[in-house]
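Enquirer: Sending over a structure as structure tokens; questions will come in a sec.
The values are calculated or read from the model by the stated rules, or taken from the named source; none is laboratory data. Since we're looking at a predicted model, the values are computed, not measured. Here Cβ is always computed from backbone atoms with ideal geometry, including for glycine, and neighbour counts include all displayed protein chains. For the accessible areas, the whole protein counts, side chains as well, though only heavy atoms, and no ligand, DNA or RNA atoms are used. Shrake-Rupley method; radii C 1.70, N 1.55, O 1.52, S 1.80 Å.
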Amino acid sequence: MSAHQLAFLVLGVLILVSALMVVTVRNLVHAALFLILCFAGVAGLYVLLQAEFLAVAQVLIYIGAITVLILFGIMLTRKITGGAQPPLASHWKAAGAGAGAFLLLLLYVAMTGQWQVSDQPPMDSTTTLGLALVTRYVLPFELASVVLLAALVGAVLLARDETR
Amino acid sequence: MNLPITLTGIVEGALAPLGLQGLTPLVVYLLDALIILLLLIMPVVTILIWLLRKMLGFIQRRLGPMRVGPFGVLQTIADAVKLFHKEDLFPANADRVVFALAPFLVFVPAVLVYVVIPFGQGDGFVTKDLSVGLVYLTAVTSISAIGIITAGWSSDNKWSLLGGLRSAAQLVSYELPMTLALLGPPLMAGTLSLSGIVAAQQSVWFVVPQALGFLIYFIAALAEIAHLPFDLPEAESELVAGYNVEYSGMRFGLFFLGEFANSFTICLVATVLFLGGWHLPFLGGLPLTSWQTGLATVATMALLGGGIWYLNWRRAGWTSATRWHWLGYVSAAILAAIVLVAGLVGFISVVITLVKTSLLVFVLMWLRGTLPRVRVDQLMSFGWKALVPLGLVNFLALAFQAATGIPTGWVLNLLFFVFVGWLLLFAWRKRWAYSAVS
Amino acid sequence: MEIPLSWYLILAAILFAVGVYGALARRNAIAILMSIELMLNAVNINLVAFARYVTPRELTGQIFAIFIMMLAAAEAAVGLGLVLTVYRNLRHIQVDEINLLRS
Amino acid sequence: MQSALDIAPLIILLPFLAFVALLTAGRWPKPWWHRSHWVAITAIVLALAGAVYVAVAVAGAAPGAAVAERSYPWAPLGGRMLTMGLRLDGLAAVMLLVVTIVATGVQIYSVGYMHGDPRYSRFFAYLSLFSSAMLGLVLANNLLQLYIFWELVGLSSYLLIGFWFEKPEAMRAAKKAFVVTRLGDLGFFLGLLLLYRLAHSLEFEAIFIHLRAIEHAAPAALTAVALLLFCGAIGKSAQFPLHVWLPDAMEGPTPVSALIHAATMVAAGVYLVGRMYPLFAAATEPWAPALFGVTLFRATPLQFVAAIGAITALLGATIGVLQNDIKRVLAYSTISQLGYMMIGLGVGGVFVGLFHLVTHAFFKALLFLGSGSVIHGTGTQDMMQMGGLRKKMPLTFWTFLIGTAALAGVPWLFSGFWSKEEILLGAYHASSWVFAAGVAGAFLTAFYMTRLVGLTFYGEPRDPHIHAHESPLNMTAPLMVLALLSLGWWKWAMPWLHHFIDPAGHELHPVPWVGFLGIGVALAGIVVGALVYIRPVWDPRRALIAAPVLGERLVPGTGGRLGQVPGLYTLVKNKYYFDELYWATIVKALFALSRRAFVFDQKVVDAVVNGAAWATVRLAEVQKLVDIHVVDGAVNGVGELTRQVGGGFRRLQTGLVQNYALFAFVGLAVVAGLYLYLGF
């Protein structure tokens, strides 16, 4: 067992445990905090995968932006001293079965798939990513800005208090 | 300057028998953070707090701490000792885990930032010169908002919740203009690495072509660290003390520490990104030899020491000032001697960076002593309606300049200077008018 | 290559399944949003892993991961806007009690 | 020359852009709306500058290189490519200058004349459109493009004649002008088609190169082409027998009359013949139409042109003598002068016709603008109500006098003299009766112009209600400029112009007594006219010469029918009954034809249509039964089935999004699993 594998296992356990906590824990704020932990673990995986930029972007977008948004959402939609309610819907067993079936399927594919692993060294990711984004993927890049703008407008429109 | 025995080497040597060499970078990273925490943050924050109190005292025509140590330099340490001794209180209905965790969520990012900041010239003065350093910087600083929200929420107190939400809103809002302003330097330098950005400022500091960006960054950063005039989250008169009202003891100390570490951080980042880092003014184009640097440093230190001495003389009278002012000269002399003898360019570059940073810190304190707090709606509308559009225009102008070579960025800055000049003229005339009336 | 590619795929598969379970079983709309983020993260892990292992000279997977992050941000913003709207109208966001579609 | 070719498209485009811009003027704020003329005037002044540049370039080019062409592919036709192109040569350059100068003057003049009109900006828009089209016509390098712009000027002429479309006369005149010229254009188009068949190209250069071969192969066809093309010229240049539209066109605003119906558009016919002169010259096969086996005449196309010109010149001049409307007099004068140009083309060559075109453009524009000034000052067009304006409108009077002298052919000092002398000289060399007609026309021209001036400016004001006043400077300034251009220094420009327009042409052999004859008849006409209308040596009531022939009512309530010669007077006064003739023959015949067609429509076509409809309805009734019982039955059955099935499946619809998502995931898992399991 090498250091990389060790690190992977630690991170994997961290990710999976915190992900499980996210979907089961009763308190939503705790769920959000576990979500942060999970995201941080994924960022660590990206570091292992030599995707520095993505690791940093993961922190910036998921932890710094999305989780803050979610925390906001939680605090705006829940009474602070909210009563305890069951966290799971009544059909949670069916959901578990569905998710389990899907998991089996995914595992089957993941383990039996014949992937052509290349042994070339990876590129310097940041420069390559930047160049790729403004050359080959410039159209999706511009579209992404449009999508973000639409999301911005949509979110403002949805969240605005219409009585005012 | 490179130490003959590097941290990496030591760690690798220690891990090799275990077969875990792969973990070396991670361990080095953590160790570095620890070293930074112990050797940099703690002393710097200690000094900063003392300096702030002295400065505020000076501005408010009083002495500030004078009891503990010469000029009260040990006051902060005394305060820290006091904080350690205080009881660590938990509110009755608090979410204990989150409550305990929140201060670290604020403090740890403040420390992690230092990993990528180059303090001086050479590899020895930056823990990890990430190729995505600037993104890392913004990413890490954005984490502290979570700490603030959770601190406010877990206290189970509506004032702290409101304070937490408010400050999170503020942090999220001002992150936008700050990031927009931060995009300028890498655009000109062509790299996201902070060392690369500093190196690109050898001939011209980015504050010259990007004065507007510098100003936007500085204002937004003030709001990011909840510094006056944007210290809404801690508005005592409105929210008791905001998200940290229920905290006591060292947990409160962590918030406090994080806050001061942050104010040092933004000045450091501003220095690195806009003020040329370790480059000296007007010497940028020259090869930086040790004795030139040494002379410049001595001159700067002498000026600073003389300034501090002068201020103290003005405020404290002869007694204390005459007793201690030689300290400044002696330290300057020792420094100069070290520089001249050893030719430690790298070390000098650290000193230059820190001097610039302290000048900015001085400005920060100056602001703290003079400006009133803004209202929350003013805060939001200023951020969204003034800084964000300005930041966008600035970024567009710079990007256009970078892409086409048409100097739109320069033009924008010129306009900005004209505007500032006009404002100053206006203010001067107003002042003149008032003085004429009175 | 010390770590086999399949490790990443298995990890991502489990993470995805956890996300699916959360999205299907949780009652709270925000929790569902969080679960969706988990699923997206699982996808991203796969993409980055493929980029690293299969096409290390092209990084296409990383590009896709970036776009997915962008979409995740947009999704979070719009999703929370929707949740807030639902909350304003119904005073709760328990998904298994929202069956306006049926009426 | 290349730079001139670069500039030339701008000359067309600028006024067109002004037209487009002014079309939006209705949406402009009011203050800008009143300044809308700036757009048009700026455009035309720039076009004028461009024209000057082109002219300088053409004049400065080495001999032999004075023709520059550039073609752009436009549309494929059969195996060939139709082109649009520009041709710069002396002829085009001169026309460009004439058009832009007159248009500039007229547009400046219109600022004053059209002031306060409710459709002020539209007027300038139309003027710009016209300028653009006319310049395009001049610059065309092929017949088709020329034809397109030819129709465009026709369109703008129609729009401008009917500018005051509230007036029924204006409306009618516009339609008349359009329809009558279209008659000629039909011939033009047929000629164009025939020519394309002969020469396989419509570019001038290509046509001219093939002329000799065509003439050798099909001389009659070439003559036909020339005559058909000349039909277009007859229509556009108001030649006998299609001259009837031009007097009516005077219902349009006077600046329009000056620009379009005196100086430029009506000259397009002359320009066409001038442009195609090599073709006309090459067509030597005479045309000899026969009626019942009797050959009516034999004439080569050029002779035909000269003959038509002579008839028109005399016709217009005689009618002009008896008109009382100031603009109509000028209109008939224009017809007559256009006839002169045709004579010039027919007997003397390109230069002779075109030279008169140029001089005439300036002095006739001057006269029209002067008459507009008079109309503006008095508010009437009836000369019988004017009189004595000499003192009240001095600037208008003196400039008008210069124009009159130029038109009447007062020797040496005025431009018209030189060009008319050339025509008479050419006619003398060519044909005696054309020469005679020309001389008679010259006398009549001098006479009716003197009459015009006398009635308008001399004597005492005959209508006490009219308080005439001088026009504003922006109206008189163009008058003065045009007056300068109507003076006699064209004499010095003549040899140079000759070389410029028609490098290959030869000088006419001068005959002294022809010149003296021309001077003599012109002076005689002026003297006679002055004796009758300015210094009436005879009381009109007792006038021996004037009264019987002219029968004017100079003094209201006196004179008049005294001793008229009924036949001739009535004939001329009624313009030889052309309008009535056309009405009685062509128009009535058309009406009768249309009535027949209407009846045919009603009785035959409608019956077929109605029958088809009836059959369709019957068929539809049958189909209706099929629809109701077969098609609808199937559809309803499917619907009912769906309803039943849907009712069963309705239980699945919990309304909970999560359940749906669950189904989706399970379904996905099942489908994907099957896919993997079955391995396809």
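Enquirer: Mind checking which pairs have a first residue in the stretch B:389-411 that is at negative phi and open to solvent by less than 70 Å² (accessible area, probe 1.4 Å) and a second that is modelled with pLDDT under 85 and of a type in the set (Val, Ile, Thr), Cβ under 7 Å, 6 or more apart or different chains?
Expert: B:ALA397/B:THR408; B:GLN401/B:THR408
Enquirer: A further question follows. So which residues in the stretch D:233-249 are open to solvent by less than 10 Å² (accessible area, probe 1.4 Å) and aromatic (Phe, Trp, Tyr), if there are any at all?
Expert: Residue satisfying the conditions is D:TRP245 alone.
Enquirer: Which one of C:LEU38, C:LEU24, C:LEU5 is under 15 Å from A:ILE15 (Cα atoms), open to solvent by less than 20 Å² (accessible area, probe 1.4 Å) and at the interface with chain A (Cβ under 7 Å from one of its Cβ atoms)? Don't jump to the end; show me each part of the working.
Expert: On the way: C:LEU24 fails: under 15 Å from A:ILE15 (Cα atoms); C:LEU5 fails: under 15 Å from A:ILE15 (Cα atoms).
Going through C:LEU38, C:LEU24, C:LEU5 in turn, the sole match is C:LEU38.
Enquirer: Within the stretch D:118-136, how many residues are without any contact (Cβ under 8 Å) to a residue 24 or more places away in the chain and surrounded by fewer than 24 Cβ atoms within 10 Å (Cβ to Cβ)? I'd like the intermediate steps shown before the answer.
Expert: Step one: list which residues in the stretch D:118-136 are without any contact (Cβ under 8 Å) to a residue 24 or more places away in the chain, which gives D:118, D:133.
When the remaining residues are screened for being surrounded by fewer than 24 Cβ atoms within 10 Å (Cβ to Cβ), the result is D:118.
Of the residues in that region, 1 qualify.
Enquirer: Mind listing whichever residues of the stretch A:1-37 are facing another protein chain (nearest Cβ under 7 Å), farther than 16 Å from A:GLY73 by Cβ and under 17 Å from the mean Cα position of the chain (by Cα)?
Expert: Selection gives A:GLY12, A:ILE15, A:LEU16, A:ALA19, A:LEU20, A:VAL23.
Enquirer: Within the stretch B:90-120, take every residue that is among the aromatic types (Phe, Trp, Tyr) and away from chain A (no Cβ under 13 Å) and give me the one that is farthest from B:PHE252 (Cα to Cα).
Expert: Kept after step one, since they are among the aromatic types (Phe, Trp, Tyr), are these residues of the stretch B:90-120: B:90, B:99, B:104, B:107, B:114, B:119.
From what is left, the residues that are away from chain A (no Cβ under 13 Å) are B:90, B:107, B:114, B:119.
Numbers: B:PHE90: 12, B:PHE107: 11, B:TYR114: 22, B:PHE119: 29 Å.
Per the criteria, the residue is B:PHE119.
Enquirer: Separate question: For the stretch B:114-126, does any single residue satisfy the condition of being in contact with an Asp or Glu (Cβ under 8 Å, 6 or more places away or on another chain) and open to solvent by 40 Å² or more (accessible area, probe 1.4 Å)? Spell out how you get there, then give the answer.
Expert: Step one: of the stretch B:114-126, the residues in contact with an Asp or Glu (Cβ under 8 Å, 6 or more places away or on another chain) are B:115-116, B:118, B:123.
Within this subset, residues satisfying the condition of being open to solvent by 40 Å² or more (accessible area, probe 1.4 Å) are B:123.
Scanning the stretch B:114-126, I find at least one residue that is in contact with an Asp or Glu (Cβ under 8 Å, 6 or more places away or on another chain) and open to solvent by 40 Å² or more (accessible area, probe 1.4 Å), so the answer is yes.
Enquirer: Here is a further query. Just a yes or no: is a residue in the stretch B:77-84 under 30 Å from A:ASN27 (Cα atoms) and either more than 21 Å from the chain's Cα centre (by Cα) or modelled with pLDDT under 80 (or both)? Break it down into steps so the answer makes sense when it comes.
Expert: First pass over the stretch B:77-84, keeping only residues under 30 Å from A:ASN27 (Cα atoms): none.
Looking for residues that are under 30 Å from A:ASN27 (Cα atoms) and either more than 21 Å from the chain's Cα centre (by Cα) or modelled with pLDDT under 80 (or both), one finds none in the stretch B:77-84, hence no.
Enquirer: In the stretch C:74-103, which residues are more than 7 Å from every other protein chain (Cβ to nearest Cβ) and surrounded by 22 or more Cβ atoms within 10 Å (Cβ to Cβ)?
Expert: C:GLY79
Enquirer: May I ask you to say which residue of D:LEU641, D:LEU625, D:LEU590 is in a helix (DSSP H, G or I), within 30 Å of D:PRO241 (Cβ to Cβ) and either open to solvent by 90 Å² or more (accessible area, probe 1.4 Å) or not small (Gly, Ala, Ser) (or both)?
Expert: Details: D:LEU641 fails: within 30 Å of D:PRO241 (Cβ to Cβ); D:LEU625 fails: within 30 Å of D:PRO241 (Cβ to Cβ).
Among D:LEU641, D:LEU625, D:LEU590, only D:LEU590 is in a helix (DSSP H, G or I), within 30 Å of D:PRO241 (Cβ to Cβ) and either open to solvent by 90 Å² or more (accessible area, probe 1.4 Å) or not small (Gly, Ala, Ser) (or both).
Condition check ((1) more than 7 Å from every other protein chain (Cβ to nearest Cβ); (2) surrounded by fewer than 21 Cβ atoms within 10 Å (Cβ to Cβ); (3) among the hydrophobic types (A, V, I, L, M, F, W, C)) across all residues:
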site	(1), (2), (3)
A:PHE53	no, no, yes
A:LEU76	no, yes, yes
A:ALA94	no, yes, yes
A:LEU107	no, yes, yes
A:THR112	yes, yes, no
A:SER125	no, no, no
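Enquirer: Of all residues in the stretch D:305-323, how many are aliphatic (A, V, I, L, M), open to solvent by less than 10 Å² (accessible area, probe 1.4 Å) and in contact with a Gly (Cβ under 6 Å, 6 or more places away or on another chain)?
Expert: Number satisfying all stated conditions: 4.
Enquirer: Any idea how many residues of the stretch B:127-142 are open to solvent by less than 10 Å² (accessible area, probe 1.4 Å) and more than 10 Å from chain A (Cβ to nearest Cβ)?
Expert: Residues flagged as open to solvent by less than 10 Å² (accessible area, probe 1.4 Å) and more than 10 Å from chain A (Cβ to nearest Cβ) within the stretch B:127-142 amount to 0.
Enquirer: Could you identify the single residue in D:ALA68, D:ALA59 that is open to solvent by 20 Å² or more (accessible area, probe 1.4 Å) and more than 13 Å from D:PHE124 (Cα to Cα)?
Expert: Details: D:ALA68 fails: open to solvent by 20 Å² or more (accessible area, probe 1.4 Å).
Sole residue among the options that is open to solvent by 20 Å² or more (accessible area, probe 1.4 Å) and more than 13 Å from D:PHE124 (Cα to Cα): D:ALA59.
Enquirer: Restricting to the stretch D:629-680, give me the number of residues that are within 30 Å of C:GLN94 (Cβ to Cβ) and either within 14 Å of chain C (Cβ to nearest Cβ) or under 60 Å from the mean Cα position of the chain (by Cα) (or both). Break it down into steps so the answer makes sense when it comes.
Expert: Here is the first cut: in the stretch D:629-680, the ones within 30 Å of C:GLN94 (Cβ to Cβ) are D:646-670.
Now narrow it down to the ones that are either within 14 Å of chain C (Cβ to nearest Cβ) or under 60 Å from the mean Cα position of the chain (by Cα) (or both): D:649-669.
Looking only at that region, the number is 21.
Enquirer: So, one more: Could you run through the stretch B:102-161 and say how many residues are farther than 19 Å from B:SER195 by Cα and of a type in the set (Phe, Trp, Tyr)?
Expert: The qualifying residues number 4.
Results for (1) surrounded by fewer than 23 Cβ atoms within 10 Å (Cβ to Cβ); (2) away from chain A (no Cβ under 11 Å); (3) within 21 Å of A:ALA57 (Cα to Cα), shown as yes or no for each residue.
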| residue | (1), (2), (3) |
| --- | --- |
| B:SER144 | no, no, yes |
| B:SER154 | no, no, no |
| B:LEU162 | yes, no, no |
| B:LEU165 | yes, no, no |
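Enquirer: When you check D:LEU159 against the structure, is it within 15 Å of the chain's Cα centre (by Cα), open to solvent by less than 50 Å² (accessible area, probe 1.4 Å) and under 18 Å from D:ALA21 (Cβ atoms), yes or no?
Expert: On the way: within 15 Å of the chain's Cα centre (by Cα): yes; open to solvent by less than 50 Å² (accessible area, probe 1.4 Å): yes; under 18 Å from D:ALA21 (Cβ atoms): yes.
Criteria met by D:LEU159.
Enquirer: Kindly establish whether C:LEU71 is surrounded by fewer than 22 Cβ atoms within 10 Å (Cβ to Cβ), under 23 Å from A:THR127 (Cα atoms) and not acidic (Asp, Glu).
Expert: yes
Enquirer: Taking the criterion of being open to solvent by 10 Å² or more (accessible area, probe 1.4 Å) and charged (D, E, K, R), would at least one residue in the stretch D:183-191 satisfy it?
Expert: Scanning the stretch D:183-191, I find no residue that is open to solvent by 10 Å² or more (accessible area, probe 1.4 Å) and charged (D, E, K, R), so the answer is no.
Enquirer: Let me ask something else. So which residues in the stretch A:143-164 are open to solvent by 80 Å² or more (accessible area, probe 1.4 Å) and under 14 Å from C:ILE68 (Cα atoms), if there are any at all?
Expert: Of the stretch A:143-164, the ones open to solvent by 80 Å² or more (accessible area, probe 1.4 Å) are A:143, A:146, A:149, A:152-153, A:156-157, A:160, A:162-164.
Of everything in the stretch A:143-164, just one residue is open to solvent by 80 Å² or more (accessible area, probe 1.4 Å) and under 14 Å from C:ILE68 (Cα atoms), namely A:LEU143.
Enquirer: Test each condition in (1) more than 14 Å from chain D (Cβ to nearest Cβ); (2) closer than 16 Å to A:LEU20 by Cβ; (3) surrounded by 24 or more Cβ atoms within 10 Å (Cβ to Cβ) for C:ASN44 and report the one that comes out false.
Expert: For C:ASN44, the failing item is (2).
Let's see how each residue does on (1) free of Cβ contacts under 8 Å to residues at least 24 places away in the same chain; (2) buried (at least 22 other Cβ atoms within 10 Å of the Cβ):
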residue: D:GLY252; (1), (2): no, yes
residue: D:ALA268; (1), (2): no, yes
residue: D:LEU279; (1), (2): no, yes
residue: D:THR284; (1), (2): no, no
residue: D:THR295; (1), (2): yes, no
residue: D:ARG298; (1), (2): yes, no
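Enquirer: Considering only residues of the stretch C:47-59 that are open to solvent by 30 Å² or more (accessible area, probe 1.4 Å), not β-branched (Val, Ile, Thr) and not in a helix (DSSP H, G or I), which is nearest to the other protein chains (Cβ to nearest Cβ)?
Expert: Residue satisfying both the conditions and the ranking: C:ARG57.
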